[in-house]
Every structure is written in structure tokens, then in C-alpha cells.
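Participant: Got a structure here, written out as C-alpha cells. Questions coming.
The values are calculated or read from the model by the stated rules, or taken from the named source; none is laboratory data. Please read these numbers as outputs of a predicted model, since none were measured by experiment. Every residue, glycine among them, receives a Cβ derived from its backbone with ideal geometry; neighbour counts consider all protein chains shown.
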Amino acid sequence: MHDAKNAQSALAQQIAQTIADEIGAQSAQVRAAVGLLDEGASVPFIPRYRKEVTGGLDDTQLRNLEVRLTYLRELEDRRAAVLASIGEQGKLSDELRNDILAADTKSRLEDLYLPYKPKRRTRAQIAREAGLEPLADGLLADPTQDPQRWKVRARS
């Protein structure tokens, strides 16, 4: 539990530093603004009534901060889900893990995940797995045939 809390704290600091670099602010200013946003303060409220807490971040910086914060949090959530999914499949190599951890955009992350993404099972796939493909092929070849005459071994 303690390690998970430290990881969350380190992740929050990393996100704050990334945003600070992007909007030209200090990490402490960003962390203060993130705290206010997480408490439910709106972007217009913060520069008007909490300017001293954020060290004078303006509306534009706060709006950019809010957009990037949402994006980076979604990216981290998706990264965790991708790592868990590939890990459950037993296909997570150290190189792939490092590539996933280094992905800085959602599209790059999804590109890495694509070969490992579980395929959806269609009705046709379910029917094939049940052994119904010969029946379907026979009926497509000659629609006048009686389906009852086919001896299909249904697999369970």
C-alpha cells in the first residue's frame, strides 16, 4: 500500500513537472493549481480568487494546465491498463514495458498495444468454434438443401 502511494505521488510530481515545463511555470505553481482543480475550483475562479496560491498563473496558463492535466492522467490510466492487459497475456517483455512507459502520446501508446489487443469474437467465429462452418458452406453452395440432413457435430 505504501509503495502504491509513493508511486502515485511520484507520478503526480512527474505530471506537474511536465505541465510546468509546457506552460512556462514552476512545478510548485502547477501542483497548487492541480490541488485547487481537484478540490473542484473552476479555471475562472482560481486566477480571480486564489491567485496568491498559484503564484499568479493567468487564465490561459490555467486553461492549458487543465487540458494537459486531463490528457496526462488519461494517458497514465490507459498505460496502466495496457501494461496489465499485456501482462495477463504473458507477452510483456522488458523492451515492450520500456517502450510503453516511454510513450508520450495516446496514439503512440495505442500503436504499441495494437498487436496485443484482444480480438473481439464475432458470431461467425463462435459458430465456427461450434463446428458449424461445414453446414454454412454447404448451404451457401446449394441453398435448396435441407439443413436437417446435415450431420454437424456441435462442439461444446
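Participant: With respect to the numbered conditions (1) free of Cβ contacts under 8 Å to residues at least 24 places away in the same chain; (2) more than 30 Å from P118 (Cβ to Cβ); (3) surrounded by 12 or more Cβ atoms within 10 Å (Cβ to Cβ), which one is the sole condition not fulfilled by E66?
Facilitator: Exception for E66: condition (1).
Participant: Of the conditions (1) touching a Phe, Trp or Tyr at 6+ places or on another chain (Cβ under 7 Å); (2) part of a loop (DSSP other than H, G, I, E, B), Q145 satisfies every one except a single condition; which number is it?
Facilitator: Tallying (1) touching a Phe, Trp or Tyr at 6+ places or on another chain (Cβ under 7 Å); (2) part of a loop (DSSP other than H, G, I, E, B), Q145 fails exactly one: (1).
Participant: Looking at R97, R73, which is the one that is within 30 Å of A33 (Cβ to Cβ), surrounded by 10 or more Cβ atoms within 10 Å (Cβ to Cβ) and basic (K, R)?
Facilitator: Only one candidate passes the filter, namely R73.
Participant: Do we have G131 as surrounded by 14 or more Cβ atoms within 10 Å (Cβ to Cβ) and not assigned by TED's automatic domain parsing to the domain that holds Q26 here?
Facilitator: No: the conditions fail for G131.
Participant: Quick check on my filter: what residues within the range 37-62 are surrounded by 14 or more Cβ atoms within 10 Å (Cβ to Cβ) and within 26 Å of K106 (Cβ to Cβ)?
Facilitator: If the condition is that a residue be surrounded by 14 or more Cβ atoms within 10 Å (Cβ to Cβ) and within 26 Å of K106 (Cβ to Cβ), then L37, V43, L57, Q61, L62 are the ones that fit.
Participant: Does A80 satisfy the criteria of being among the small types (G, A, S) and buried (at least 16 other Cβ atoms within 10 Å of the Cβ)?
Facilitator: In short, no.
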